[in-house]
Amino acid sequence: MLDVQGLKVNYGAIHAVRGVDFNVQDDEIVTLIGANGAGKSTIVHTLSGMLKAAAGTIKYGDQDLTKMSAAKIVGAGIAQVPEGRRIFAGLSTMENLKMGAYLVPRNEQSDVLANVFDQFPVLKERKNQDAATLSGGEQQMLAMGRALMAQPKLLMLDEPSMGLAPIYISKIFDIIKTINKQGVTVLLIEQNALQALQIANRGYVIANGTVQLTGTGSELLANPEVQKAYLGG
Ligand code: ATP
């Protein structure tokens, strides 16, 4: 589905991504793990068209995402849940969800919304509440629900567990598994390596803007280097 080759991304003189290769197959959950500053968010922002690649290709089916605008990339079926949620304060939960559906034909929007409410019953309960007053976990669910409103084929999540209480973290990972079972391919960026690798088919360890290691979720969980660096020994 997605094949990234030789990807390089710079911020001026800073080489944040230095030649990364990875791929995501249909229906997989693939995780990119790594420390702060490894380059994970930069990779996701480049896939979503918000940053330009300095080199490399990002093949999505037969399209090259490096040549497409952010809007075209959403239209091609790729949705991003950004780090820090980025929900719209001053708008209700419902209004935030509708923002995600701007490319979905009006007559299909209520079915899509019903599906999101099935997945996240709390969003239905809170549909008229100002999104800024939702708890952190609820805001994460809203950000995920908003991305799902676009009916993506590929969902990219940037650190969905960040800053959440353990009970919410487990819930978020369970929901990611459910979404995937319903046919959405997932690219999951996480610092919470343990839980990410437990739900992932495959993972890539990113360090200093390069891929350091790759394997199945269970191979990486069992890898002594991964255990030492990312799983607290
Ligand atoms: P985190 O988990 O902390 O978000 P990350 O793995 O997602 O880390 P990136 O945010 O992609 O890492 O950052 C990769 C490198 O690029 C870091 O060295 C960071 O300081 C640098 N960087 C990120 N954004 C910018 C920017 N807008 N301008 C300059 N440098 C940046």
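The values are calculated or read from the model by the stated rules, or taken from the named source; none is laboratory data. A quick note: this is a predicted structure, and the numbers were derived from the prediction, not measured. These accessible areas exclude ligands, DNA and RNA; they are computed on the full protein's heavy atoms, side chains included. Shrake-Rupley method; radii C 1.70, N 1.55, O 1.52, S 1.80 Å.
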Problem - Lysine pairs in segment 75-233 with Cα atoms under 21 Å, if 8 or more residues apart or on separate chains - result: 9
Completion exercise
Sequence order, segment 32-40: Karplus ³J(HN,Hα) from phi using 6.51 cos²θ - 1.76 cosθ + 1.60, θ = phi - 60°, Hz rounded, Gly and Pro as x, gives 10, 10, x, 6, 3, x, 5, x, 5
Problem - Residue-wise HN-Hα coupling along segment 15-25, computed from phi with Karplus coefficients 6.51, -1.76, 1.60 (Hz; x: Gly, Pro) - result: 8, 7, 10, 10, x, 9, 10, 7, 9, 10, 8
Fill in the blank from the handout: quick note, segment 2-230, DSSP beta bridge pairs, % antiparallel (nearest 5) is 55
Completion exercise
For segment 1-86, dividing by residue count, accessible area per residue (probe 1.4 Å) in Å² works out to 44
Handout entry: More than 26 angstrom apart: percent of Cα pairs within segment 1-133
Key = 36
Handout entry: Calculated from backbone phi, Karplus (6.51, -1.76, 1.60) coupling profile of segment 44-53 in Hz, x at Gly/Pro
Key = 5, 5, 6, 4, 7, x, 7, 10, 9, 6
Completion exercise
Of every hundred units of 1.4 Å-probe accessible area on segment 2-230, the number belonging to carbon and sulfur atoms, as a percent, is 51
Completion exercise
Kirkwood calc, the chain, C-alpha pairs only, radius in angstrom 18.0
